[in-house]
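Written out below as structure tokens is the structure these notes cover.
Nothing in this text is a laboratory measurement; each read-out follows from the coordinates by a stated rule. Computed from a prediction, not measured in an experiment: that's the story for all the values here. Methodologically, a virtual Cβ is constructed for each residue, glycine included, from the backbone with ideal geometry; neighbour enumeration extends over all protein chains shown.
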Amino acid sequence: MDPQADLTQRLDRLERRLRRTNLCVTLALAALGALALGSWQSKPSTEAVLRARGLVIEDASGRERILLGAPIPQARNRVRTDPERVASNWGPRFPKEYLDTYKSYRHDMNGLLVLDADGFDRLALGDPVPDPNIGQRIGASTGLALNDEQGFERAGFGLLKVGGHYRAALGLDSAQGTESLMLTLLDEGGVGLVVADQDRRLFLGSAPADFPLTGRSSPTHGLVLLEGDEVKRVVDATGDK
């Protein structure tokens with residue numbers, strides 16, 4: 001046999017084998033890819049779940065505006081946690097002991113806090129929310145708090161646990177930070193509407209004896225008008241008193 005012809009045949013066979021081998025490899029890789037893709041799609045995707053202790057959203061000027069976390073992260077621009085800004089913004093409005101008692105107020109929270117461009121708390125939603133900047137709450141409050149541009153609470157809804165009992169309250173506050181309109185319900189007894197203006201207060205509802213909002217040592221089912229701590233008028237189910 002011609003050596004040249006024999007070499008040509010061998011080369012042809014090798015080329016055919018190489019083509020078959022390449023085809024097998026290509027098919028195997030395609031099958032492996034399809035298997036991997038099917039396996040990935042069959043498992044619940046965790047790519048959409050972001051896990052973190054906290055998140056800070058800044059505005060275009062780099063100021064912290066939204067704090068999210070459990071607890072919320074610290075913010076350089078937040079007035080409430082800056083002793084110098086607390087003293088300059090709120091100190092002059094209150095007696096000198098205010099700055100000492102302020103140190104015991106709750107400022108952290110689990111949830112979401114919105115700051116304005118000047119660093120004042122404007123909206124808090126969480127469990128619990130911070131104390132008002134004029135005093136401590138009687139218990140940790142789960143709910144919503146809305147503040148004005150100076151950080152004073154003006155409205156809120158909260159669920160508190162006091163002495164083993166729950167209290168639900170919806171309130172609107174005056175410019176002085178005191179409650180002016182409040183709807184309240186206490187598990188231990190007492191449900192009503194409170195309207196307050198300076199030193200006058202009106203309670204409309206049902207309350208047990210020694211209920212703090214009525215100023216009375218006897219039960220109430222009706223209306224009570226107070227000036228300061230003095231009961232001026234009572235209208236209940238038994239008539240005027």
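Cβ crowding within 10 Å, taken as a proxy for footprinting-reagent exposure, orders ASP100, ASP116, ASP121 from fewest neighbours to most as ASP100, ASP116, ASP121. Exposure proxy for PHE203, PHE94: other Cβ atoms within 10 Å of each Cβ, ordered fewest to most, give PHE94, PHE203.
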